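*Asks:* Take this structure, written in structure tokens, and hold onto it; I'll ask about it next.
Every read-out reported here was derived from the displayed coordinates using simple, explicitly stated rules and does not represent laboratory data. This is a predicted model, so every value here is computed, not measured. All Cβ positions, glycine included, derive from the backbone under ideal geometry; neighbour counts span all protein chains shown.
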Amino acid sequence: MINSYGDRAHQEGIYRQIFLVFSMTCAMELVRYLHLIHYSGFVGAQFLNSILVFLILTRSENLLGNYRYAMLVFTLCSMLYSWVEILVQPVAHMKGSMFVVFMDSSILSLNNPLGQFLTCLHCVLSGFVASLLACQFIYRYIALCRTHLLTYLQDSKLWLIFIPSLFVFTVWHVGFFHGMPNTLEKQIYLHEELMTCFQVDSFVTPFVGPMYWSRDSNGDIHWKPFEVLAALSCSAVLVLFHSLQNTTYIGACFFTIIFCASRIFAKMRNSKHHFSAKTLDVNKQLFRMLCIQTVIPMITMYVPVALFVILPMFGKDIPYLGNLTSSSLAVYPLIEPIIAITCIASFRKVVIGLIQCPTRPSRRFIHIFPSSTSRYSGPHQ
């Protein structure tokens, strides 16, 4: 009997070692692919966003009016986010009551004093860039449904449209820089896990993430209200609790987007006989672009991020969800310019023309936009 128990324990130990080796191998391979996605996403994001910036500055004044500045800010911030990401090359992971985003950079050393700062900044910018999309919806809503308010957003006053994003940046900055500190308790808690899965030393590697609760020697749970508050404050700006039973989460920005999108759609449908064909077509293009820019990231990025944030509160995790989250965040700056260039017909024609005639600009693209269009007409906004 003793021998049988001993053999069983020995077999369980062997199986455990095999599982650890397998998990470590899978995790390391996934991280290699993740870094490949980081580099590919960075190169593609810088190239395509640079093209989009050129198109916004040179081909959109008569078509988009002041709205082009909202697009420009969103594009430049996406490029900045991509730079921070390639410097950090973040990897996300979940363990028990904690999720963590740690730096695994091949560019910066782990001892670099900027490591911890950039790791936190990467998380803050991800929320900030997402909020800028809601600001674009707000502008389109005002331009179509509350045109009398446009006078408050002309010229230097346009920055007022970005107040919600500045609020998001402030809340996320406080939450990640001050509400989720890199403490010795977290380093000890993560050390074995990160070393086993990623060969990463938590005592050296910069990381950020909340520990929602911990257990004492008796197994009792002790919540950490400040860290819970920091995580929920960041989430509440973008992610409002909708239904715990179905684990469905709708962001505050998405409530704004849904409200503005429904009003814009109704306005275009009810006023299609009052707009010129060109004005209606331009507004449809912009509406389509914003909807696609919302739906695709919501499925590929925001839902995984919401699960990544909320599941550790209940001590649950989904294997490799962190890698999916990191991959989605890496390709996000690459996807947005593709959507914009594809949906806006004038941008699309310019790019196609350059591809077809790279050595000689086509004459048909010289006068894309009519010069007689009024500055404050529908297409301008």
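*Asks:* Given the options F176, W213, Y189, identify the residue whose Cα lies farthest towards the positive end of the charge dipole of segment 145-217 (+1 on Cβ of Lys, Arg; -1 on Cβ of Asp, Glu).
*Replies:* Farthest along the dipole direction, towards plus: F176.
*Asks:* Quick one: length gained pulling E29 to V174 fully straight, 0.36 nm per residue minus the C-alpha distance?
*Replies:* So the extension gain works out to 48.8 nm.
*Asks:* Next question. Mind giving me the FRET efficiency for L36 and H148? R0 is 51 Å, r the Cβ-Cβ distance, nearest 0.05 is fine.
*Replies:* That pair, L36 with H148, gives E of 0.50.
*Asks:* Something else now. Less than 11 Å Cβ to Cβ from S97, Lys/Arg counted +1 and Asp/Glu -1: what total charge do the surrounding residues give?
*Replies:* With Lys, Arg at +1 and Asp, Glu at -1, the neighbours total +3.
*Asks:* May I ask you to list the aspartates and glutamates whose Cα is less than 19 Å away from that of K267, ignoring any residue fewer than eight positions away on the same chain?
*Replies:* Correct list for K267: D281.
*Asks:* Please enumerate, by chain and number, the lysines with C-alpha under 28 Å from the C-alpha of K224, excluding those fewer than 8 residues away in the same chain.
*Replies:* Cα-Cα hits under 28 Å: K95, K186, K316.
*Asks:* Here's another thing I want to ask about it. Nearest 0.05, what FRET efficiency do R263 and I163 give at R0 = 35 Å with Cβ-Cβ as r?
*Replies:* Using R0 = 35 Å, I get an efficiency of 0.95.
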